[in-house]
Amino acid sequence: MRFHADNSTLGEKMECIKVKALLSSKESIGSVCVKGWIKTRRDAKTFSFIEINDGSCLENIQVIADTNMENYETIKKLTTGSAVSVRGEMAPSPGKEQAWEIHAKKMDVFNTAPEDYPLQKKRHSDEFLRTISHLRPRTNKYGAAFRIRSELSFAIHQFFHERGFTYIHTPIITGSDCEGAGELFQVTALNLENPPKNNGHIDYSCDFFGKPANLTVSGQLEAELLALALGDVYTFGPTFRAEDSNTSRHMAEFWMVEPEMTFCDLKGDMDNAEAFIKYVTQYIVSHCGSDLSLFARFVDKTLMPTLENIITTEFIRIPYKEAVDILSGVKDRFDYPVDFGSDLQTEHERFLAETHFKQPLMVYGYPKSIKPFYMRVNDDDQTVAAMDVIVPRIGEIIGGSQREERLDILEQRMTETGINLSDYWWYLDSRKYGSVYHSGYGVGFERLMMMLTGISNIRDVIPFPRTPGNIEF
RNA sequence: UCCCCAGUAGCUCAGCAGGCAGAGCAGGUGGCUGUUAACCACCGCGUCCGUGGUUCGAAUCCGCGCUGGGGAGCCA
């Protein structure tokens, strides 16, 4: 949609320009029109400095409004947060902080923000801003985060597109509790106040799908089916976990990227995962420099070196057993013991990434006893072809594996882990008809955002976070 | 779900060996200035999270609850 300013008083046609385009201009465009929200106003004797932001970039455009303007008295009372339209001449700014400014000829007010507008010209705590999630996108920090979120989404699609992957859509509503992992959100059209019953139990044959249904916890199983037809595929969509998790790294609703590659072993899986992380990091560094600089300045002083390190350094790859050996050699540091056969604790992962190697690493070859049924069993019959990518500060950002393509072994593993084979007849069919070796992984999109921005709470990298007890907005 | 910490003005926070509730910012008024989270002066601002209790007296001490944060588990 194109916006045209009402030029009745100026008698000329003028198209609205985004602040980003205006500020990046090499020379004056002359007469311009800008629409946005007032960030701050400073009054001089015969004029006001008004900074306007339209969300197109972090920076504001400074507008000079002087007493000659017909509605100067109104302009002088404009508050932070008010929505305005400005027309005037683009001119070089004598000030140090900006190259361009607008000498206003006309300023129209769409709507003023009363004095109780919660966002002030000062730093607010993330906790407070979370209580006003409907307004926080207007702050510098959250505006920058959500622009980066958009660019990151684009970079992800571009990475896979360049490599010939097919973007697929897997269902949000599923009939199977995939992987038996975590608590599920049930989806129902039944009247919960008075559900139909049969022998004292809820009669799901009367429900919408004729059986219980849930929100997906992963698109992986369906992605495998598409991969076994289209080659390399990926999904990128919302995922739901009803876990009562209260941490800075978990949400009930989050976005996940899940590539699945045929004729690909664990090494190929790790190669792709490393290339993926490096690619999107490089993309954000090259395309979001201005927004990123805010995080480097105010959120994480070490952000830029950290990102450079991710881009340029080859990720360490060590077998799980070696990781256990390293951790076992560390005395008097961990609350939880390290021993072969149990999963690495968060403190262990962070020690490896932050203290021992000081860079991203991949741990592979976990004991099969702690991993799901679909991971390929290694020849030792003790470990599976699983891998985790661990980065400093965040911990696990990617979890993946080569999938078990041998029907008999897969069935055995499912039986061992208590999964009803008949519910997964369609998944097993993929191993019956033309089964091939294949691999994939899952990336937590929000954790990737945390890594790229230095934001330490996952609730601050998504506009409206869903966590236990929080469904406002 | 478990462990720890916190809740005081619109916001950020001080006050807490129990004795009239404070500052900065924001807001208002005036001044000054091509200013940069502008500056100077003055003005107003409170269910001290809720609820029981101890006490002559509780923001301050104790119990319970609610909310938020940090850590853990689960994982992305």
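With the condition kept exactly as written, say whether any residue in the stretch A:246-263 is over 30 Å from A:R163 (Cα atoms) and either hydroxyl-bearing (S, T, Y) or more than 16 Å from RNA strand B (Cβ to nearest atom) (or both).
yes
With the checklist (1) in contact with a Ser or Thr (Cβ under 9 Å, 6 or more places away or on another chain); (2) at pLDDT 95 or above in hand, flag the one item A:F240 doesn't pass.
It is condition (2) that A:F240 fails.
Looking at the structure I just gave you, is A:F159 among the hydrophobic types (A, V, I, L, M, F, W, C), under 16 Å from A:D423 (Cβ atoms) and more than 16 Å from RNA strand B (Cβ to nearest atom)?
Against the criterion (among the hydrophobic types (A, V, I, L, M, F, W, C), under 16 Å from A:D423 (Cβ atoms) and more than 16 Å from RNA strand B (Cβ to nearest atom)), A:F159 does not qualify.
Return only the number of the condition from (1) touching a residue at least 60 places away in the same chain (Cβ under 8 Å); (2) more than 12 Å from RNA strand B (Cβ to nearest atom); (3) β-branched (V, I, T) that A:V377 does not satisfy.
The single condition A:V377 does not satisfy is (1).
Starting from residues that are assigned to a helix (DSSP H, G or I) and of a type in the set (D, E), keep the ones in the stretch A:249-280 and report whichever is surrounded by the fewest Cβ atoms within 10 Å (Cβ to Cβ).
The qualifying residue surrounded by the fewest Cβ atoms within 10 Å (Cβ to Cβ) is A:D271.
Taking the stretch A:222-240, which residues are open to solvent by 10 Å² or more (accessible area, probe 1.4 Å), more than 16 Å from RNA strand B (Cβ to nearest atom) and not charged (D, E, K, R)?
A:L225, A:L226, A:L228, A:A229, A:L230, A:G231
Is the stretch A:255-266 home to any residue that is of a type in the set (V, I, T) and out of contact with any helix residue (DSSP H, G or I) (no Cβ under 7 Å at 6 or more places or on another chain)?
no
Is the stretch A:14-23 home to any residue that is surrounded by 14 or more Cβ atoms within 10 Å (Cβ to Cβ), at pLDDT below 85 and part of a loop (DSSP other than H, G, I, E, B)?
Yes, because at least one residue in the stretch A:14-23 is surrounded by 14 or more Cβ atoms within 10 Å (Cβ to Cβ), at pLDDT below 85 and part of a loop (DSSP other than H, G, I, E, B).
When the stretch A:339-367 is examined, which residues are found to be buried (at least 19 other Cβ atoms within 10 Å of the Cβ), of a type in the set (A, V, I, L, M, F, W, C) and in a loop (DSSP other than H, G, I, E, B)?
Selection gives A:L344 alone.
Hey, does the stretch A:316-335 have a residue that's within 15 Å of RNA strand B (Cβ to nearest atom), surrounded by 19 or more Cβ atoms within 10 Å (Cβ to Cβ) and in a loop (DSSP other than H, G, I, E, B)?
No, that holds for no residue.
When you scan the stretch A:60-155 for strands (runs of 3 or more DSSP E) that lie fully inside it, which ones turn up with 2 or more residues that are in contact (Cβ under 8 Å) with a residue 60 or more places away in the chain and more than 13 Å from RNA strand B (Cβ to nearest atom)?
So the answer is A:83-92, A:100-111.
Quick check on my filter: what residues within the stretch A:420-447 are without any contact (Cβ under 8 Å) to a residue 40 or more places away in the chain and either basic (K, R) or not assigned by TED's automatic domain parsing to the domain that holds A:L407 (or both)?
Of everything in the stretch A:420-447, those that are without any contact (Cβ under 8 Å) to a residue 40 or more places away in the chain and either basic (K, R) or not assigned by TED's automatic domain parsing to the domain that holds A:L407 (or both) turn out to be A:R431, A:K432.
List the pairs whose first member sits in the stretch A:304-317 and is under 12 Å from A:T281 (Cα atoms), whose second member is basic (K, R) and not in a strand (DSSP E or B), and whose Cβ atoms are under 7 Å apart, counting only residues at least 6 apart or on separate chains?
A:I310/A:K278; A:I311/A:K278
Go through (1) touching a residue at least 60 places away in the same chain (Cβ under 8 Å); (2) within 16 Å of the chain's Cα centre (by Cα) and name the single condition A:T239 misses.
For A:T239, the exception is condition (1).
Which pairs turn up if I take residues in the stretch A:336-349 that are away from RNA strand B (no atom under 12 Å from the Cβ) and look for partners that are not aliphatic (A, V, I, L, M) with beta carbon separation below 6 Å, at least 6 apart in sequence or on another chain?
From residues that are away from RNA strand B (no atom under 12 Å from the Cβ), the pairs are A:G341/A:P367.
The values are calculated or read from the model by the stated rules, or taken from the named source; none is laboratory data. Everything numeric in this text was worked out from a predicted model, so none of it was measured. Reconstructed Cβ throughout: ideal geometry from the backbone, glycine too, with neighbour counts over all protein chains shown. Please note that ligands, DNA and RNA were not included when accessible areas were found on the heavy atoms of the full protein model with its side chains. Shrake-Rupley method; radii C 1.70, N 1.55, O 1.52, S 1.80 Å.
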